[in-house]
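The next block holds one structure in the form of structure tokens; read it before the comments.
Only the coordinates and a few stated rules stand behind these numbers; no lab work does. Just so it is clear, the model here is predicted, and its values are computed rather than measured. With ideal geometry, Cβ positions are generated from the backbone for all residues, glycine too; neighbour counts draw on all protein chains shown.
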Amino acid sequence: MTAPRRRILALTGGVGGAKLALGLARMPDPGALTFLVNTGDDFEHLGLSICPDIDTLLYTLADEANPETGWGRRNESWRCLEALAEMGADTWFKLGDRDLATHLIRSAALRAGTPLTAVTAQLARALNVEHTILPMSDSRIATIIDTPLGELAFQHYFVRERCEPKVLGVRFEGSAAARMPEGLEALLADPALAGILICPSNPFVSIDPILAVPGLRAALAASNAPVVAVSPIIQGAAIKGPTAKMMAEMDVPRDAVTVARHYGSLLDGYIVDTSDAHLVAEVEALGITAVATPTLMLTLQDKINLAQAALDFLTSVSESTAS
Ligand code: GDP
């Protein structure tokens, strides 16, 4: 009898998480990967249902991501956006012609009553993505950022206002009534599940919305598989996006330890960058096994190396908790 294929669950937002996701998918023997993706950034624009983090992951894994912009699809053209601008429509959210195909297919399917999980699986098949991309819920959840300008829907804060307003608070509208996606509980109970990774994504607006789905955090904690996070903060700075700015605004120390403390008892293990190796002892003082390894992912090989290091660390954490 052949052994069941090793399974890994990875929680992720968009850009930072997708880099590690690509590393995992391009490993020589990745096993079966499931990506549990933030949908708090999802929004309706010009009548279309847009899921920025799901799309970043889909395009990255399909080798369809646009290397020039860092978002959207490669080989893109902008005829529709140009026409929208000529006709006086909102163009602060850039929609390329090829990207529009994804939003049209998704919007039509959702309108016909297909759940987001099924639509996402359909898009993954269409783009030849072999791993599973699971929205954090089929229910609609919206990340709302409280700022001195008032409450802003996430994309208004992130794209239209370029993350400039101070963050006074974050809430996840619709979260209390949301349900975990089908299949997640079965995956968490599967003995072939070798580990749960929290990608180096923004903890406050990419991972927290996932953990806010009722029962989800408890289900991860109750699983026999170890939970390991990779720090999105290197030497007190974020590689991209507002993670470090948000930490400063929340008045918490801007370092990798703060992110470990934020996830708290959920974590069995934590990976910091080699340049932050001096923080390992501080993380271990929180009762979390920690390791330092290169976590800056510039090349595909960096991504594969970090994926391999994360899976090796999951194995060692798993062995030490079992003994
Ligand atoms: P978003 O949904 O597009 O904002 O993306 P994520 O939340 O997934 O990722 C944003 C986070 O990724 C930021 O906190 C970045 O510091 C982090 N990040 C981006 N690139 C890297 C990298 O190469 N290494 C590490 N460790 N973190 C990264």
Exercise. Simple spin-label model, 7 Å along Cα-to-Cβ: residue 114 to residue 186 in nm?
Worked result: 2.0 nm
Exercise. Can you give the extra length, in nm with one decimal, that the chain gains between residue 101 and residue 235 once fully stretched, where that is 0.36 nm per residue apart less the Cα-Cα distance?
Worked result: 44.3 nm
Problem set entry | Principal-axis tilt of helix 97-111 within the chain, Cα atoms, nearest 10 degrees | 80 degrees
Exercise. Residues with beta-carbon under 13 Å from that of residue 200, excluding residue 200: net charge, scoring Lys, Arg +1 and Asp, Glu -1?
Worked result: 0
Problem set entry | Distance in nm between pseudo-label sites at residue 322 and residue 78 (7 Å out along the Cβ direction from Cα) | 5.3 nm
For this session: Place a +1 charge on the Cβ of each Lys and Arg in the chain and a -1 charge on the Cβ of each Asp and Glu, then give the dipole magnitude about the Cα centre in debye, rounded to the nearest 20.
Result: 400 debye
Exercise. For residue 31, what charge total do you get from the other residues with a beta carbon under 9 Å from its beta carbon, if Lys and Arg give +1 and Asp and Glu give -1?
Worked result: +2
Exercise. Can you pick out the pairs among 240/303; 166/303; 19/240; 94/303 whose Cα atoms lie more than 22 Å from each other?
Worked result: 166/303; 94/303
Exercise. To the nearest Å, what is the center-to-center distance of the stretch 22-86 and the stretch 103-152, using C-alpha atoms only?
Worked result: 11 Å
Exercise. Tell me, 259, 280, 252 in order of fewest to most beta-carbon neighbours within 10 Å?
Worked result: 252, 280, 259
Problem set entry | Local electrostatic count at residue 253 - Lys and Arg +1, Asp and Glu -1, tallied over other residues with Cβ under 12 Å | -1
